[in-house]
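Notes for the one structure printed next.
The values are calculated or read from the model by the stated rules, or taken from the named source; none is laboratory data. Just so it is clear, the structure is predicted and the values come from calculations on it, not from any experiment. No Cβ is skipped: glycine too gets one built from the backbone with ideal geometry, and neighbour counts run over all protein chains shown. Surface accessibility is based on the protein's heavy atoms, side chains included, excluding ligands, DNA and RNA. Shrake-Rupley method; radii C 1.70, N 1.55, O 1.52, S 1.80 Å.
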Amino acid sequence: MAKRTDQENFLAVRPIALRGNVGTIADGRTTTNSFATSLNDDTEADVEVFSLYIQDEIELTSWLNVVLGARFDSFEITVDNIETFIDTGVRDIRSRKDEEISPRLGVIIKPQDNISIYGSFSESFQPRSGEQFADINPPDDALDPNTFQNLELGLKWDFDTNFSLTAAIFEVEQTSPQVADNDPGTLDVIETRVQGFEAQLRGQVTDWWFVSAGYSYLDGEQANGALRPRELPENAFSVWNNFQPTDRFGLGLGLTYQDDSFADNGNTVTLPSYARVDLAAYYDVSDRMRVQVNIENLFDEDYFPNAHTADNITVGAPLNARFTISGRF
């Protein structure tokens, strides 16, 4: 039997249902909680995953290749609710097993040695529980896995000895259970279609300056055709510069920008746009040892990169630094 924490024991013996303010949310409502109710969750989940992947690229001619592939995934989860056993003495064990085969087909055309044009179709799936491994209670346990279908047409062009450009247009269809806007304790099955364009430019500007820049444009709609999928910014951009003035010393400087997006499927709460600057520096003490510092959010901007629900929004990390020492033996 799992041992209760001091907080659980304290909450379990309180005879009076006291209530107290916990906080205030954005619209001014105060949140309260009954201190006679234990908020603790004691759940054990056992996950077994088996995957088998096969792919082959077949050269039909000097300028035409075909890619054929398939992936088999088996995902089995068993959940034991220890809290239920503590409260009732009855084991509450649930399990679910999902198995899927995901195909992939691609065509690669090379009109010149430095140009590749490709088209691909692929399917993939995510187990029904998604990241919520501890929740397979009814009716959630009856939901099918998340499914994705992806169509893509792209180009890779090495237009200079030091520069390359990759670009693609794509369409992704997704069917997935997501947290309901009106009741976070339930899930809604949402069908979405997203079309987009992305491009990346990489190259050596000088002997000591390397740059990588990427841009993406996303447009999408839910099955009703009126609402935009949650957490789908229209424009996103990132650039990273690596400067190496000496053989041992290097600097990195990057910018990440993202448009505003919606935190919920009902399009009522907006995550504002943001721009974040990151910095890095390293020094090779010897051929076998390097010291490095990475600084994230250099100007300490307040931003919200994603959200689980409209009332559960992730706050981006403030100014922070990470120091590392790495060695080779």
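Calculated FRET efficiency, VAL107 and VAL239, Cβ-Cβ r, R0 51 Å, to nearest 0.05? Intermediate results must be reported in sequence, preceding the final value.
Values: r = 31 Å, r/R0 = 0.62.
Plugging the Cβ-Cβ distance into 1/(1 + (r/R0)^6) gives 0.95.
Computed FRET efficiency, Cβ-Cβ of SER51 and GLN149, R0 30 Å: what is it to the nearest 0.05?
Working: r = 19 Å, r/R0 = 0.65.
Step by step, r from the Cβ atoms, then E = 0.95.
With the full set of protein chains in place, find how many percent of the accessible area of segment 218-329 is carbon and sulfur; take the probe as 1.4 Å.
So the carbon and sulfur contribution to the accessible surface is 55 percent.
Note the full-extension length gain between ASP207 and PHE323 as 0.36 nm times their separation in residues minus their Cα-Cα distance, in nm to one decimal. Could you put the intermediate results ahead of the total?
Details: separation 116, 0.36 × 116 = 41.76 nm, distance 2.68 nm.
Taking 0.36 nm per residue and subtracting the Cα distance, the gain is 39.1 nm.
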